[in-house]
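Report on the structure given below.
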Amino acid sequence: MFQTGLKQMNYIKFPNNFGEIEDNTSNYDASKAVILPISYEKTTTYVKGTGKGPGAILEASRNMELYDEELDKNICDVGICTLNELKIDEKPELMVNMVRENVKKLISDNKFPVIVGGEHSITVGCVKAFVSYNDFSILQLDAHTDLREDYDRTKFSHACTMKRCMDICKNIVQVGVRSLDYDEAVFIKENNLKIFWAKDIFDNDEWIQSAVSKLSKNVYITLDLDVFDPSIMPSTGTPEPGGLLYYPVLRFLKKVFEERNVVGFDIVELCPNENDVSSDFTAAKVLYKMIGYKFDKK
């Protein structure tokens, strides 16, 4: 279980933490953002390996420059703590509650939670931790709708993530989607869901303000890395052609952080390939940029 008591918080210290950040800006007390790695992988259905995703992102981040040319500062100066990996070897419906309790601890300590998966099913536990927020919505960046009622004999499969999130929060905006089954398509039409299809947004920014306007005041972001095109993010368990590119996604995320109160986010579904670390590095950069957008005072 999660360690209680601020002074006993178990975190990874320099040089093995995210970004290889010195302890004065990466200890738990001093940090505004706290990274919680969860290497959970129980329901993946195509390429296996998302359980190694958090470790690969941490390793890549230690080779990343900490100065950000867009924000003109070292983002890490806000304080970024990296907790030891949360190890869960339970069936997904039990995992969800364990994740919820761990994320709730971060919220109660007034930290900005950054959860790194692992498979997408962990998002349900993250969202459950934020149920006390009023005027709350979820932003999902993903190649898939993840709206199945059940899959492979469980309602908590990665393919059911957003359906379970809808049991908690009805206000969900989905961005970058380009893969779903017929029943999901029917569900979307019947419920008039807010989806920005990849085919409509991949080559323009005209949709960005419309998507932001559909989000409520407080927003939780879940970013499945397969939202990116395989040309820049090949290392995912279920890659889909026709995805989004790096700078358009960053422009959208920056606008969300500027106009809404982002209360936390997760990055999931990296499936590392030892012969190509570019995906690991891209994931680490996106994570770092998102923390920068959260705490940029400009």
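Coordinate-derived values only; no laboratory data. These numbers were taken from a predicted model, which means no experiment stands behind them. Here the Cβ positions follow ideal geometry from the backbone for every residue, glycine too, while neighbour counts run over all protein chains shown.
Counting Lys and Arg as +1 and Asp and Glu as -1 over every other residue whose Cβ lies under 12 Å from the Cβ of Asp183, the net charge comes to -2.
The H on the amide N of Asp68, modeled in the peptide plane, is under 5 Å from the matching H of Lys73, Asn74, Ile75, each at least 5 residues off or on a different chain.
Estimated purely from DSSP H runs of n ≥ 4, each contributing -39500 (n - 2.57), the mean residue ellipticity at 222 nm for the chain is -9000 deg cm²/dmol once divided by its residues. The Cβ shell under 14 Å around Lys214 holds other residues with a net charge of +3, Lys and Arg each +1, Asp and Glu each -1.
Taking θ as phi - 60° and the Karplus parameters 6.51, -1.76 and 1.60, the scalar couplings of segment 60-77 work out to 4, 4, 6, 10, 9, 5, 8, 7, 10, 6, 6, 8, 6, 6, 7, 4, 5, 5 Hz in sequence order, x denoting glycine and proline.
Tell me, Glu20, Glu184 in order of fewest to most beta-carbon neighbours within 10 Å?
On the way: Glu20 16, Glu184 21.
With the fewest neighbours first, Glu20, Glu184 line up as Glu20, Glu184.
The radius of gyration of the Cα set in the chain, together with its Dmax, comes out at 17.6, 52 angstrom. Residues in segment 162-170 carry Karplus couplings, in order, of 6, 5, 5, 5, 5, 5, 9, 9, 7 Hz; the curve used is 6.51 cos²θ - 1.76 cosθ + 1.60 with θ = phi - 60°, and Gly or Pro positions show x. What's log10 of I(q)/I(0) for segment 73-189 at q = 0.19, 0.21, 0.24 Å⁻¹, Debye sum over Cα points only, no solvent? Rounded to two decimals, the profile gives -1.09, -1.26, -1.47. What net charge do the residues around Ser231 carry, taking every other residue with its C-beta under 13 Å from that of Ser231, with Lys and Arg at +1 and Asp and Glu at -1? So the environment of Ser231 carries a net charge of -4. For Phe196, nonlocal amide neighbours, meaning residues 5 or more places apart or on other chains whose placed amide H falls under 5 Å from its own, are Gln174, Val175, Gly176, Val177. Backbone phi angles across segment 235-242, fed through the Karplus curve with coefficients 6.51, -1.76 and 1.60 (θ = phi - 60°), yield HN-Hα couplings of 8, 10, x, 9, x, 10, x, x Hz in residue order; Gly and Pro are listed as x.
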